[in-house]
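All of the numbers you see were taken from the coordinates with simple rules; none came from a lab. Keep in mind that what you see is a predicted model, and the values were worked out from it rather than measured. All Cβ positions, glycine included, derive from the backbone under ideal geometry; neighbour counts span all protein chains shown.
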Amino acid sequence: MLESDQEFNCPYCAAVISIRVDQTGGRRQHFITDCEVCCRPIEVEVDIDTDGYVNFIAKREGEG
Ligand SMILES: [Zn+2]
């Protein structure tokens with residue numbers, strides 16, 4: 001299983017967004033995606049542990 005779909009809530013408008021995580025991109029990934037609904041930039045952090053469990057964090061760009 002090299003790809004998995006993650007669902008999360010937009011940190012701005014709370015819309016449910018689905019994104020595909022490509023696990024071949026590495027265990028730690030960091031990227032910006034635009035919300036499909038409000039078009040604001042969401043900062044996404046992906047952490048994949050050795051069991052393939054995807055730890056997914058979405059936050060407003062520039063926060064934390
Ligand atoms: Zn949004």
Inset, instruction - Name the single residue, out of those in the range 20-53 being exposed (fewer than 15 other Cβ atoms within 10 Å of the Cβ), β-branched (Val, Ile, Thr) and away from the ligand (no atom under 16 Å from the Cβ), that is farthest from LEU2 (Cα to Cα). - result: THR50
Legend entry - Any chance ILE57 is aliphatic (A, V, I, L, M), in a strand (DSSP E or B) and within 13 Å of the ligand (Cβ to nearest atom): no
Legend entry - Complete set of residues in the range 1-17 that are within 13 Å of the ligand (Cβ to nearest atom) and either within 13 Å of THR33 (Cα to Cα) or assigned to a strand (DSSP E or B) (or both): PHE8, ASN9, CYS10, PRO11, TYR12, VAL16, ILE17
